[in-house]
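Worksheet for the structure shown next.
The values are calculated or read from the model by the stated rules, or taken from the named source; none is laboratory data. Predicted model only: the values in this text are computed from it and were never measured. Reconstructed Cβ throughout: ideal geometry from the backbone, glycine too, with neighbour counts over all protein chains shown. Calculation scope for accessible area: heavy atoms of the full protein, side chains included, ligands and nucleic acids excluded. Shrake-Rupley method; radii C 1.70, N 1.55, O 1.52, S 1.80 Å.
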Amino acid sequence: MPNVPLKTLYENIRARGWSFVWRTLQRDRMDAAFHRSRPSGDPLSPGALLEVAPLPSGQRFTFENAGLELEIIDSAIARFTWIPGVPTPPYALAGADWPEVEVRTWIEGEVHWLESSHLRIAVHADGSLHWYSRLPSGAALLRSDLPPQRAGECWISSSPTSPGESFYGLGEQSGPFNLRGQVRRCWNTDPGGSYGPGADPLYMPIPVYAGKHAAGAYLIFYENSFPSKFDFASGSDSVQASFESGQLRGYFIPGPLPRCLEHYTALTGRAPLPPLWSLGLHQSRWGYKDEADIRQVAEGYRQHNLPLSAIHLDIDYMHGYRVFSVDSHRFPDLPRLADELAASGIRLVTILDPGVKVDSRYDVFRSGLEQRSFVSDDGSNADIGLVWPGPSAYPDFTAPAGRRWWGSFYPRLLDAGVAGIWHDMNEPTNFVAWGDPTLPLSLRHDLDGQGGSHFQAHNLYAFQMNRAGYEALRTLRPQRRPWLLSRSGWAGQQRYAWNWTGDTETSWPVLRMTLATVLGLGLSGFPYTGSDIGGFSGSPDAELMLRWFQLAALMPFFRIHSAAGTSRREPWTFGEPAISIMRATIHLRLRLLPYIYTLAWNAAQTGAPLLRPLLWEFPQDERFGDTSDCFLLGDALLVAPVLDPGAVTRKLLLPEGLWYDFWSAARFEGPGEIELPAPLDRLPLLVRGGALLPLKNAGDVLELHYFPGSTLHAALLYSDLGDGYADSRLDSFTREPGAAGETRLRWSATGGFPLPQSGIPLVVHAASLVSASLDGESLPVQDAATVLPVHSNGEKTLSLMLSTQ
């Protein structure tokens, strides 16, 4: 038996019984036998190069001990595959049909060269690779890979670092934003209880990261779902990626970072535009025990004039934690409850875990057995684990029939009026007395006909569960956009579900960590992330709650959630002035929704995250390589949240250019360092000079707010009904040369969606609006504002004559 603290073991036995220990021992025996069956050996390098053969968009290299297929599948995406090894099913890829790319090849001495319009790759005779970005001025070396090594089934790849190189991404991480010097595992794991800075691994690490140094930036994604470890130069001058089995397959994309994410999300898919309601405030708690609790929460929001978009039901709503069931005593009429909430503009979201209770009278379990839809030990006997319902079977979401079977039960929730689904415990988590809280590694999965062990399928499990849920929602409600939230996942997850940072501690260090985590997830392809406001496990005081709430209000996913047994987290439980401050913060979020919704549309088009580190826009500014205490929301807003207790001011490293205080329109010129007022009721927020910011006013009227500057930012406005797939409208603005004191903009409108107002107020900040005209026709001006008549498809020229105050 592993070395487990006796107190912990005793508490586990007391809570779940001796069968809990027996199942853990059985898991250990199975895993030990599985590892004994795996081949081992001394590390081997590829050896001498024996042969080179052409591929449609690349070349195949045969070495003494390994093979390499190198293909440029897009002018800015190269795929390398070192064999032998079991391939990972291409779940991460949004498509496999890439047009053939024109690739030039040549030989210089013993070096083989491949080149596209954006890439140049050198393959050396020992198997080392050099990756270059093609630039008008020549080629810049971005990365060098030493010859990989293979020991048994394991692949090890080492890459020397460049001076000052920084690393970002790797999915969900709890360490510093810059991963340099860190060691991280990619193995989806429930860390247990709640976690804080430095916990590893977490729910959703992903083998994708960006590197950045003086010569440029790049992104690399390893398409290998087996357990892996990344050592970012913790003890040497090289980065090492090691995979415990499978092929060493990866994709290399040259920078800069915006282009990296654009091409990476072209490869793995982009997050679809979410329903507008999902961008509002969500309220949740583990421990809402019945309908009366939910009605009380909704009434509290109404009485305190706090706009709310959704209420989440945790596992308490189920009958004995059976998925797709509702406890008829505590929730006797879920459809009526959903209707009442919907009438107040509140959507109902329900949780689903993958574990299906072992109960012969329970039709979900019975049908799963009949259809062989569960993960099994040998292809026939369903393995039984332990989660909230007690003994439970786990669906095999890697089987097409299993995904369809699982999706067939979603009508039970949708017909009850549920608007969104929350997938939890899907690492998958299996309660154990000690060790790794997952299923035995030898269990069998279908892997869409390929077949394989849980050792390979584990990191893919949640991803395929989310795929099953998304496909079910698209089929069952084709007129609505699916909304799914998931605790775990893998590369490409953004196509199906949002995520959040899971069960974090309640503390100021975790508040600071949360921002770094979300920024890293954005650079890993996941634009929709947030956290449990106030932390999951504790009872925040009013100050910590308010500062967390202010930060969360400008993150994509905006949800209050906490564990059972913690103090209540609804805004009114903190009294005044907290209630008023949270109310004002919610209204700030609602005011910014036209801008945030446009950013969401842009993410669906380009893959750009909504939250961006400062190095995204200012890659040449060396000050921002490690900066994760502030962020850009789109390209127009600079957010400087308060992350320390007792602070009433906030120092900020200011990027180059002109910036305005959102609240006072005070001007700041960067680069430099400034100190902003940050009383408890204010989130420090700056607007970039040249921003044309779409906002809603207190009367829910769309306005455009212009902050003068030499370059135009936030120059798009996307509009539609907020759900479904009907008509939309895109208003775009481009800067044109004008006379002295004139801001001349070309305004283009496309799409058939009619804006619900005949004119758009335009408000100018920090300057006097002397005159305004549209296509030469004068517009009335009053108090630095005018009203732009809305026009349909076409272009118009907007001219603004300004005088600086």
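Could you tell me which residue out of Leu633, Ile560, Leu779 lies farthest along the dipole of the chain toward its positive end? Charges go on the beta carbon: Lys and Arg +1, Asp and Glu -1, centred on the Cα centre. Of the candidates, Ile560 comes out farthest on the positive side. Of all accessible surface on the chain at a 1.4 Å probe, what whole percent is carbon and sulfur? In the chain, the share of accessible area belonging to carbon and sulfur is 51 percent.
Near Asp621: Cβ cut-off under 13 Å, other residues only, Lys/Arg at +1 and Asp/Glu at -1. The net charge is -3. Computed about its Cα centre, the charge dipole of the chain is approximately 1100 debye, with only Lys, Arg, Asp and Glu carrying charge at their Cβ.
Accessible area ranking (1.4 Å probe, heavy atoms, ligands and nucleic acids excluded), largest first, for Leu476, Leu633: Leu476, Leu633.
Separation of the stretch 19-97 and the stretch 399-462, taken as the distance between their Cα centroids, equals 24 angstrom.
Where a ≥ b ≥ c are the square roots of the eigenvalues of the C-alpha gyration tensor, would you call the stretch 552-635 rounded, which needs a/c under 1.5, or, failing that, prolate if a/b is larger than b/c, or oblate?
prolate
The shape of the stretch 482-589 can be summarised by an equivalent ellipsoid whose semi-axes, obtained from the alpha carbon gyration tensor, come to 25, 15, 12 Å from longest to shortest. Residues within the reach of a label modelled at Gln450 (point 7 angstrom out along Cα to beta-carbon, backbone nitrogen below 14 Å), restricted to the stretch 243-265, are 245-250.
When +1 charges are put on Lys and Arg Cβ atoms and -1 charges on Asp and Glu Cβ atoms, the dipole computed for the stretch 501-636 relative to its Cα centre reaches about 420 debye. Candidate membrane-span-like segments in the chain, meaning DSSP H helices with Cα atoms spread over at least 30 Å of their own axis and a Kyte-Doolittle mean of -1.0 or above, are 578-606, with no membrane implied.
Normalising the average separation of contacting C-alpha pairs (under 8 angstrom, six or more residues apart) by the number of residues puts the relative contact order of the chain at 10 percent.
Number of Lys pairs in the chain with C-alpha atoms less than 27 angstrom apart, excluding same-chain neighbours closer than eight positions?
4
For the stretch 270-361, the relative contact order works out to 30 percent when only alpha carbon pairs closer than 8 Å and six or more residues apart are counted.
What ranking do 73-82, 489-498, 86-95 get when scored by the average of other Cβ atoms within 10 Å per residue, highest first?
Going by the mean number of other Cβ atoms within 10 Å, highest first, we get 489-498, 73-82, 86-95.
Take Thr105 and Val183, extend 7 Å from each Cα along the Cα→Cβ direction, and tell me the distance between the two endpoints in nm. In this crude spin-label approximation the distance works out to 4.0 nm.
When only Cα pairs below 8 angstrom with a gap of at least 6 residues are kept, the stretch 425-571 shows a relative contact order of 16 percent. For the chain, the gyration tensor built on C-alpha atoms gives an oblate shape. Its axis ratio a/c (a ≥ b ≥ c) is at least 1.5, and a/b is not larger than b/c.
Ellipsoid fit via the Cα gyration tensor, the stretch 404-478: semi-axes of 27, 16, 9 Å, each the root of five times an eigenvalue, largest first. Scanning residues 5 or more positions from Ile351 or on other chains, those with amide H under 5 Å from its amide H are Leu313, Trp422, with H placed 1.01 Å from N in the peptide plane.
For the stretch 729-805, count all C-alpha to C-alpha pairs, find those more than 19 Å apart, and express that count as a whole percent of the total.
Counting every Cα pair in the stretch 729-805, those more than 19 Å apart make up 35 percent.
Per residue, the convex hull spanned by the alpha carbons of the stretch 115-192 comes to 162 Å³.
Its residue count N sets the reference 2.2 N^0.38 Å, and the alpha-carbon radius of gyration of the stretch 90-227 equals 1.23 times that reference.
With coordinates expressed along the principal axes, the C-alpha atoms belonging to the stretch 144-294 extend over 63, 33, 29 Å, beginning with the largest. Accessible surface for the chain, divided over its residues, is 36 Å² per residue with a 1.4 Å probe. Rounded to two decimals, the Cα radius of gyration of the stretch 19-104 over 2.2 N^0.38 Å is 1.66. Peptides 417-423, 350-356, 717-723 ranked from most to least packed by the mean count of surrounding Cβ atoms within 10 Å: 350-356, 417-423, 717-723. For the chain, the mean residue ellipticity at 222 nm estimated from helices alone is -6500 deg cm²/dmol, where every DSSP H run of n ≥ 4 contributes -39500 (n - 2.57) and the total is divided by all residues, rounded to the nearest 500.
Can you give the % of DSSP beta bridges in the chain that are antiparallel, to the nearest 5?
For the chain, the DSSP antiparallel bridge percentage is about 85.
These residues, Glu622, Glu223, go from largest to smallest accessible area, 1.4 Å probe, as Glu622, Glu223. Taking all protein chains together and rolling a 1.4 Å probe, Ser133 ends up with roughly 10 Å² accessible.
Let me know the shape class of the stretch 672-717, please: from the alpha-carbon gyration tensor, a ≥ b ≥ c as square roots of the eigenvalues, rounded when a/c is under 1.5, otherwise prolate if a/b is greater than b/c, or oblate. Oblate shape, in that a/c is at least 1.5 and b/c is the bigger or equal ratio.
Where in the stretch 39-81 are there GluC sites (Glu not before Pro) that are in a DSSP coil and have at most 14 other Cβ atoms within 10 angstrom of their Cβ?
Loop-located and lightly packed - Glu64.
Taking one quarter of the surface of the convex hull spanned by the alpha-carbon atoms of the stretch 174-232 gives a direction-averaged projected area of 4.4 nm².
Across all C-alpha atoms in the stretch 393-523, the radius of gyration and Dmax reach 16.1, 47 Å.
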